[in-house]
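Quick notes on the structure that follows.
The values are calculated or read from the model by the stated rules, or taken from the named source; none is laboratory data. If you're wondering where the values come from, they're calculated on a predicted model, not measured in any experiment. Cβ atoms come from the backbone with ideal geometry, glycine included; neighbour counts cover every protein chain shown. Just the protein is used for accessible areas: all its heavy atoms, side chains included, with ligands, DNA and RNA removed. Shrake-Rupley method; radii C 1.70, N 1.55, O 1.52, S 1.80 Å.
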Amino acid sequence: MGNWVVNHWLSVFVLATWLGLNVFLFVHAFLSYERDDKYYYTREILGSALSWARASARCLNFNSMLILLPMCRNLLSFLRGTCSFCRCPLRKQLDHNITFHKLVAYMIFLHTAIHIIAHLFNFERYSRSQQAADESLASLLSSLSHQEKEKDSWLNPIQSPNMTVMYVTFTSIPGLTGVIITIALVLMATSAMEFIRRSYFEVFWYTHHIFIIYFIGLGIHGIGGIVRGQTEESMKESHPHSCAESFEKWDDHDSHCKRPQFEGHPAESWKWILAPGVLYIFERTLRFYRSQQRVVITKVVMHPSKVLELQMNKSDFSMEVGQYIFVNCPSISYLEWHPFTLTSAPEEDFFSIHIRAVGDWTENLVKAFEQHSPIPRIEVDGPFGTVCEDVFQYEVAVLVGAGIGVTPFASILKSIWYKFRHADKNLRTRTIYFYWICRETGAFAWFHDLLASLEEEMEELGKVGFLNYRLFLTGWDNNIAGHAALNFDKATDILTGLKHKTFFGRPVWENEFSTIASTHPKSGVGVFLCGPQALAKSLRKCCHQYSSLDPRKVQFYFNKENF
């Protein structure tokens with residue numbers, strides 16, 4: 001528990017602040033509508049359901065204001081890369097942008113459910129009070145006509161006993177937009193499930209963009225003023241505390257109490273979402289402008305296991321290690337943009353990506369380049385910062401890639417090769433542990449030349465211990481294992497041709513972390529992963545387990561790629 005607090009205290013603080021603001025806004029709005037005399041007569045019909053509806057609406061607005069901010073990738077890259085105050089602890093929070101986006105979405109769904117349920121009770125009570133014939137205060141308030149000269153005289157949106165709740169829902173702006181917003185949320189939520197995103201990314205991409213409909217609907221949802229309160233002038237003339245009990249005499253000429261006048265609650269959602277909406281529009285405009293800049297494809301390489309390597313040039317393109325770009329191919333789809341980690345180093349005169357065919361869009365892209373002529377046009381947006389930019393901030397770095405998840409570490413390893421070539425004295429990192437876990441042997445060919453060059457470079461410079469890499473093969477049969485065992489005594493690995501031998505199976509992370517902790521007892525160790533959640537869970541657990549409570553001793557800091 002102590003190690004967990006050491007590694008995550010700032011994350012806990014951010015989440016606690018966000019949750020605290022949600023609780024404060026909910027309670028404040030609930031008590032305001034529960035106690036405000038302006039809504040005395042409204043509560044006479046609706047009861048506490050009014051307060052539940054308005055409190056959840058307040059939190060909906062607050063979280064709708066926040067949900068776009070984690071998606072402003074240029075803003076996050078700016079904060080990560082240029083702000084002097086944005087050091088390591090705060091930079092790590094920026095790398096949780098997708099997680100925070102999901103948490104805010106969950107909060108929106110929670111308050112949407114509360115809001116809908118509360119309004120179901122509200123409309124049921126509106127309908128019941130309109131049909132009542134008991135001459136109660138609620139019945140009298142519901143009978144206030146919509147047709148009177150005083151346009152603000154009515155309180156109940158259901159104008160007659162024959163009018164149904166369904167009719168009011170689909171003929172009023174709040175009701176209709178509420179239905180549209182709810183449908184949009186359901187579609188976005190279901191398409192964002194892990195299975196859908198990985199297997200049918202196109203479905204996720206298109207349906208998630210109906211967030212535009214959500215925000216337009218939210219902005220105009222309050223227009224129409226179905227939730228109404230007594231006007232200030234009417235309260236001065238007929239305050240509910242003195243006039244509510246004598247409602248039978250409201251129409252008497254000699255009575256000092258007159259019929260109350262009401263006004264709709266002004267729309268306020270647009271005030272919450274206007275600023276982040278403008279910021280996001282600016283973000284997308286900037287991204288569109290950059291995506292229209294010409295991209296020149298200088299080299300196309302087809303690797304084993306259906307992996308396509310593209311080397312490209314673009315004017316004014318500047319990158320850091322581990323960053324990623326969004327790629328669009330208009331001949332496949334004008335609207336779809338897919339993220340890919342850069343595999344080139346900042347020191348190179350080109351930038352490159354490796355694309356594995358794992359879905360409809362990537363398979364079509366690989367086929368288009370296999371045909372060679374004509375070469376499809378590519379549009380690029382980015383680059384954008386990631387957690388891997390901080391890799392050289394640690395004395396010891398542990399890089400873990402699973403399958404194609406090795407791509408950000410290819411950029412890092414290439415950059416290291418250049419730094420040693422140019423004798424970079426500013427390199428703080430002293431040791432790197434690199435783990436690459438693959439299902440098939442063909443995958444190792446993607447970066448075979450890079451690893452072989454690094455082996456040779458480290459030997460020439462006498463820094464054999466700087467790079468410690470281990471390759472793990474998880475998909476193998478007895479023939480492969482037997483062949484490797486017979487040739488174990490050879491100087492190079494029979495599967496990869498490298499000097500480090502390939503391991504069969506998966507790493508035992510407890511042993512690996514224990515060895516690193518004992519080898520570097522007083523170092524800060526950055527653990528970087530690009531891989532599945534199950535592996536992330538194991539590595540995060542080991543980081544907590546093997547970090548010392550003493551800040552002067554070894555500390556493991558877990559970082560995971562998210563985009």
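With the structure loaded, tell me whether Leu10 is over 26 Å from His208 (Cα atoms) and modelled with pLDDT of 95 or more or whether it fails that test. Criteria not met by Leu10. The residues of the stretch 338-356 that are open to solvent by 20 Å² or more (accessible area, probe 1.4 Å) and within 20 Å of Val307 (Cβ to Cβ), listed by number, are Pro339, Phe340, Glu348, Phe350, Arg356.
Summed over the stretch 330-359, the residues that are modelled with pLDDT under 85 and in contact with a Cys (Cβ under 9 Å, 6 or more places away or on another chain) give a count of 1. Would you call Leu473 exposed (fewer than 13 other Cβ atoms within 10 Å of the Cβ) and modelled with pLDDT under 85? No; evaluated as a whole, the condition is false for this residue. Annotation: of all residues in the stretch 507-548 being in contact with a Cys (Cβ under 7 Å, 6 or more places away or on another chain) and not in a strand (DSSP E or B), the one that is least open to solvent (accessible area, probe 1.4 Å) is Phe513.
Residues that are open to solvent by less than 60 Å² (accessible area, probe 1.4 Å), among the small types (Gly, Ala, Ser) and over 16 Å from Gly264 (Cα atoms) within the stretch 220-252 comprise Ser238, Ala244, Ser246, listed in sequence order. Tell me, please, whether a residue that is of a type in the set (Lys, Arg) and open to solvent by less than 30 Å² (accessible area, probe 1.4 Å) can be found in the stretch 284-304. Yes: the stretch 284-304 contains one or more residues that are of a type in the set (Lys, Arg) and open to solvent by less than 30 Å² (accessible area, probe 1.4 Å). In the stretch 304-327, the residues that are among the charged types (D, E, K, R) form Cβ pairs under 8 Å with partners that are open to solvent by less than 30 Å² (accessible area, probe 1.4 Å) and part of a strand (DSSP E or B), at six or more places apart or across chains, as follows: Glu309/Ser352; Glu309/Ile353; Glu309/His354; Glu309/Ile355; Lys314/Val295; Lys314/Phe351; Lys314/Val380; Glu320/Pro383. Of all residues being open to solvent by less than 20 Å² (accessible area, probe 1.4 Å) and either at pLDDT below 85 or among the aromatic types (Phe, Trp, Tyr) (or both) in the stretch 360-386, which is nearest to Ser333 (Cα to Cα)? Just the residue, please. Per the stated criteria, the residue is Trp361. Scan the stretch 228-278 for residues that are under 44 Å from the mean Cα position of the chain (by Cα) and more than 30 Å from His101 (Cβ to Cβ) and the total you get is 8. Can you pull out the residues in the stretch 16-42 that are open to solvent by less than 40 Å² (accessible area, probe 1.4 Å), touching a Ser or Thr at 6+ places or on another chain (Cβ under 8 Å) and under 21 Å from Pro157 (Cα atoms)? Tyr33 - this is the single residue of the stretch 16-42 that is open to solvent by less than 40 Å² (accessible area, probe 1.4 Å), touching a Ser or Thr at 6+ places or on another chain (Cβ under 8 Å) and under 21 Å from Pro157 (Cα atoms).
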